[in-house]
Every structure is written in structure tokens, then in C-alpha cells.
1. Out of the residues in the stretch 75-89 meeting the condition of being hydrophobic (A, V, I, L, M, F, W, C) and touching a residue at least 24 places away in the same chain (Cβ under 8 Å), tell me which one is farthest from ALA63 (Cα to Cα).
2. With the requirement that a residue be under 25 Å from ILE6 (Cα atoms), over 18 Å from the mean Cα position of the chain (by Cα) and among the basic types (Lys, Arg), what does the stretch 92-124 give you?
Amino acid sequence: MASDQIPSIPQSLRVLLLGQLQSNLSDDLDSLSLEDVTVLQHVIRSDHKRERLVREERMLSTAMENAADPLAIVQAYRKISHERLEHQTHEARQIALRRSGARGAKAKKVLLQREADLEESEKKLVIRKNCTGCQGD
């Protein structure tokens, strides 16, 4: 359920699996840290969607504060869009692998479109990295 392997579960439903294992003392000593993490903190850090959004917010804020590079916000936006496309392509690939028949053909069509979009996005990132002194591509 947590890895979205069951097709009938809505994509909007987020599932997080927590486990508690009993370990021996030597394992506990190796993994000791000065920071104690509460269960709530662990659950919040395990929310990958939230963590991704927080990271994207930091990237955009940093780019907006960068007065020296007027195109920094465009670069940050393109990088975020590209990372989202990579994630969507991965999800589409997983769905296409699990489906067959008419649903499989439709999923494969969606995957091909996502891969084309990802390739186009990658070209925009490469062009911007190789282009010094470019103004608004």
C-alpha cells in the first residue's frame, strides 16, 4: 500500500508504514546520536511529499533572494519542474509495468508522453547550463 502497488487505492491517499524492531545492545550503541527524534518528528520527516515541497520552497526563496543573478528564479523553476517530471515519469513507468490489455496500452501512451516531456525539460536544463550570459531563453 505504501509504495502505491495496489491500483485501486487513490493516489491522493498517503500511507506511511512505521515499524518497531527489537535490537541488541551493540546495534543501539552504534546508532546512538545526540539528537533524540520523537515519533512525531520521525513521521513528519517520513512524509516525502511534504519534504519535497519544503525543499522546493527553500530553492525558490533562495533564488528570489539572489539579486546578483536575475535568471536564478527561472533556473530554480526549471529544476523543480524537471524533478517533478522525473517523479511523474517514474510513477507512469511503474503503472505501465503493472497493467496489460487496453489499460496497459493507455498507460504506455502516457509513459511515452511523460518521457518526451522529460527529454524536452532536460534539454532546457542543459541549454541553460551551457549558456553563459544568456538572457531569458
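The values are calculated or read from the model by the stated rules, or taken from the named source; none is laboratory data. As the structure is a prediction and not an experimental result, all values here were calculated from the model. We place every Cβ from the backbone using ideal geometry, glycine too, and count neighbours over all the protein chains shown.
1. Start the filter on the stretch 75-89 by keeping residues that are hydrophobic (A, V, I, L, M, F, W, C), which leaves 76, 80, 85.
Checking which are touching a residue at least 24 places away in the same chain (Cβ under 8 Å) leaves us with 80, 85.
Values: ILE80: 12, LEU85: 20 Å.
So the residue we want is LEU85.
2. First, pick out the residues of the stretch 92-124 that are under 25 Å from ILE6 (Cα atoms): 92-115.
If we keep only those that are over 18 Å from the mean Cα position of the chain (by Cα) as well, we get 96-110, 112-113.
Those that are under 25 Å from ILE6 (Cα atoms), over 18 Å from the mean Cα position of the chain (by Cα) and among the basic types (Lys, Arg): ARG98, ARG99, ARG103, LYS106, LYS108, LYS109.
Listed here are the residues, each with its yes/no results for (1) assigned to a helix (DSSP H, G or I); (2) closer than 30 Å to SER8 by Cβ; (3) at pLDDT 85 or above; (4) among the aliphatic types (A, V, I, L, M).
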{"site": "ASP28", "(1), (2), (3), (4)": "yes, no, no, no"}
{"site": "ILE44", "(1), (2), (3), (4)": "yes, yes, no, yes"}
{"site": "ARG52", "(1), (2), (3), (4)": "yes, yes, yes, no"}
{"site": "SER61", "(1), (2), (3), (4)": "yes, no, yes, no"}
{"site": "ASP69", "(1), (2), (3), (4)": "no, no, yes, no"}
{"site": "TYR77", "(1), (2), (3), (4)": "yes, no, yes, no"}
{"site": "GLU86", "(1), (2), (3), (4)": "yes, yes, yes, no"}
{"site": "ALA116", "(1), (2), (3), (4)": "yes, yes, yes, yes"}
